Amino acid sequence: MTNATISAETYQRHGFGLMQYLVCLKGILVREGLRYLHQRERFVSSLVRPLLWLFIFAAGFRQVLGVSIIPPYQTYVLYEVYITPGLCGMILLFSGMQSSLSMVYDREMGNMRTLLVSPFPRWFLLVSKLLAGVVVSIVQVYAFLLIAWFWGVKAPAIGYLLILPALFLGGMMLGGLGMLLSSMIKQLENFAGVMNFVIFPMYFASSALYPLWRVQEASPLLYKICLFNPFTYAVELVRFAFYGQIEWVSLAVVCGFTLLFMAGAIIAYDPSRGLTVRKQEGAPN
Amino acid sequence: MRQHMCLLAATAALPFLVQPGWANMVYVSNEKGNSVTVVDSKTMEVVKTIDVGQRPRGITISPDGKTVYVCASDDDTVEMIDTASGEVVGSLPSGPDPELFVLSPDGKRLYIANEDDNLVTVIDLESKSVLAEIPVGVEPEGMGVSPDGKTIVNTSETTNMAHFIDASTHEITDNVLVDSRPRFAEFKPDGSEVWVSAEIGGTVSVIDNKTRAITKKITFEIQGLRAEQIQPVGVAITSDGKKAYVALGPANRVAVVNTETYEVEKYILVGQRVWQLGFTPDGKSVISTNGLSNDITFIDTQTDEPIKSVTVGQLPWGVTVAPN
């Protein structure tokens, strides 16, 4: 990262070529990757969470929710098959929030400055950071799907390829949301609030755990909430892609929210306009 | 992507389009709907619904594929559907409350179980007349015929027996006691064994056709399901005789049994209260009727994975597939 920054500074006055941008991107990706590799417990915990849901939660509901045919499924599926795309979404959601946590941490520890003093445009740095987080979470999803495969949750081979863009888009959307949130959090401790007020509601009030028709049966209000939850669309996008289909509505919604959240984060982190300015005015550091 | 799928569907439908008539059509009797649903086994879509008599249950097709026979249990008759026109063209005398029947391999005789009268009625299809009435145990239901056509097996639900009947003399030669409420009898394609399912007993008894003794009892166990939910009904054995599929009723699953080891290899999730099974002529799919969810499920016999469930009429009971 430091090397990339220095070499970039040399060219500051002439603007940057594509190569310099790539060097910067690589720096951020490598840093995020290294951090991920060094925190093995993070890899394990990111796998354990969805696996607990798959092995224990889904096992209990196996018979109860075993019967339902909704697209993209063409026949009856076990609950563990239904819940798998939702758990992929869960990995993206937690990972997106976790990388925003790491941004709060970076800011508190001062590492953030190293990143933000880079002469590259702020939006590029933020998008690169986001991208790095998404790449890491996609690796986690595939590791999870591999274990799920041995557990008997199998999709057509093409599905494993097609979910890649779906995971990428979903990851960018949730990462963008995390980044936007991180700009609003002053201190690391506040992140617990994000867990309770963002991650859990988003996860539970979506199509990840139950098909929407079943939610509608239980509570029409909850059904509406699910419909307004962007996480629902990320999950459905992954679900349809898993079976070789494209859900256009979900695709449009996820793309829209990705742009919205990222634009929000970029504005929030913009030193001249963003929320960071206001915060710094209030707080001495 | 959509275009790609359409193209695929079109290619899949192509061989069917060049074939005449109703080849490979699936006929499903809907017990409550009083109808027979015709489903294209290639596209897996409903083609037509034919109104038939009351409470249609047992269903089978003539070897030439021209006539479908349906038991109209509450009308005390067997109806004949012309597969070319898709209409009921006549009926056969059947005795009261016919439930299930089997066609002799040459397609000339129909053996009907009359549930209320404790009889097996033999019908000559050419003259459309009753050839014989064979008294059997109480509440006869399952009917099987050996591949050589020499032996008929009937199961009686209350007597809990499989009755072996000589097809030439119409006399019972052997009675084999099986488990409670035997529903269905199926011969292995080589004629060496008869598989009899017992709904309440929860077992499938394998009876040696030579010694007429039970050689093996297959039991089923599904994680998370109570034993009484597992009620074997329909049995279908692949033409190579290597695999048997057993419909497990309210367990909503079809068991795949290895016919050499008699071990259950897999349980396939299908719709609710799976009842009867039928193979497509190429043997690539087996179709289950799921009574309570009003649909049928196509199962790939290569992978033993369910492919698609198709909604048919009310309470689908039996299934038969037209030959090529």
* To do: Could you check, for segment B:250-264, whether at least one of its residues is within 14 Å of another protein chain (Cβ to nearest Cβ), basic (Lys, Arg) and either more than 27 Å from residue B:31 (Cα to Cα) or surrounded by 22 or more Cβ atoms within 10 Å (Cβ to Cβ) (or both)?
  => yes
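Pick from A:250, A:183: which is within 14 Å of chain B (Cβ to nearest Cβ), in a helix (DSSP H, G or I) and under 17 Å from the mean Cα position of the chain (by Cα)?
On inspection, the qualifying residue turns out to be A:250.
Among the helices (runs of 4 or more DSSP H) contained in segment A:45-130, which hold 3 or more residues that are crowded, with 17+ Cβ neighbours inside 10 Å and within 13 Å of chain B (Cβ to nearest Cβ)?
Result: A:79-109.
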* Structure fact -> Every listed condition ((1) closer than 29 Å to residue B:205 by Cβ; (2) over 20 Å from the mean Cα position of the chain (by Cα); (3) not in a loop (DSSP other than H, G, I, E, B)) holds for residue B:88 save (1)
* Would you check if residue A:139 is within 21 Å of residue A:231 (Cα to Cα) and more than 11 Å from the chain's Cα centre (by Cα)? => yes
* Asked: Taking residue B:212, is it more than 14 Å from every other protein chain (Cβ to nearest Cβ) and farther than 24 Å from residue B:284 by Cα?
  -> yes
* Asked: Tell me, which residue of segment B:209-236 that is over 21 Å from the mean Cα position of the chain (by Cα) and assigned to a strand (DSSP E or B) is surrounded by the fewest Cβ atoms within 10 Å (Cβ to Cβ)?
  -> B:215
* To do: Give segment B:292-309 a look and list any residue that's within 18 Å of residue B:321 (Cα to Cα) and more than 13 Å from every other protein chain (Cβ to nearest Cβ), or say none.
  => B:301
* Would it be correct to say that residue B:174 is acidic (Asp, Glu), surrounded by fewer than 14 Cβ atoms within 10 Å (Cβ to Cβ) and in contact (Cβ under 8 Å) with a residue 24 or more places away in the chain? -> no
* In this structure, is residue A:49 of a type in the set (Lys, Arg), modelled with pLDDT of 80 or more and in contact with a Leu (Cβ under 9 Å, 6 or more places away or on another chain)? -> yes
* To do: Might you let me know whether segment B:7-22 holds any residue that is of a type in the set (A, V, I, L, M, F, W, C) and at pLDDT 90 or above?
  => no
* Looking at residue B:270, is it at the interface with chain A (Cβ under 10 Å from one of its Cβ atoms) and not hydroxyl-bearing (Ser, Thr, Tyr)? -> yes
* Asked: Just checking, which of B:36, B:89, B:47 is modelled with pLDDT of 95 or more and over 23 Å from residue B:154 (Cα atoms)?
  -> B:36
* Asked: Given the conditions (1) free of Cβ contacts under 8 Å to residues at least 60 places away in the same chain; (2) in contact with a Phe, Trp or Tyr (Cβ under 7 Å, 6 or more places away or on another chain), and given that residue B:289 satisfies all but one, which numbered condition is not satisfied?
  -> (1)
* **Cβ pairs under 8 Å, 6+ apart, first in segment B:303-324 and at positive phi, second assigned to a loop (DSSP other than H, G, I, E, B) and polar (S, T, N, Q)** => B:315/B:294
* Among the residues of segment B:118-144, write down those that are in contact with a Pro (Cβ under 7 Å, 6 or more places away or on another chain) and under 19 Å from residue B:162 (Cβ atoms). => B:118, B:119, B:120, B:142
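Anything in segment A:218-247 that is closer than 18 Å to residue A:83 by Cα, away from chain B (no Cβ under 14 Å) and touching a residue at least 12 places away in the same chain (Cβ under 8 Å)? List them, or say none. Working first, answer last.
To start, the set of residues in segment A:218-247 that are closer than 18 Å to residue A:83 by Cα comprises A:223, A:226-227, A:229-245, A:247.
Filter once more, keeping what is away from chain B (no Cβ under 14 Å): A:223, A:226-227, A:229-236, A:238-239.
Result: A:226, A:227, A:229, A:230, A:231, A:232, A:233, A:234, A:235, A:236, A:238, A:239.
The values are calculated or read from the model by the stated rules, or taken from the named source; none is laboratory data. Note that the coordinates shown come from a computational prediction; the quantities given were computed from them, not determined experimentally. All Cβ positions, glycine included, derive from the backbone under ideal geometry; neighbour counts span all protein chains shown.
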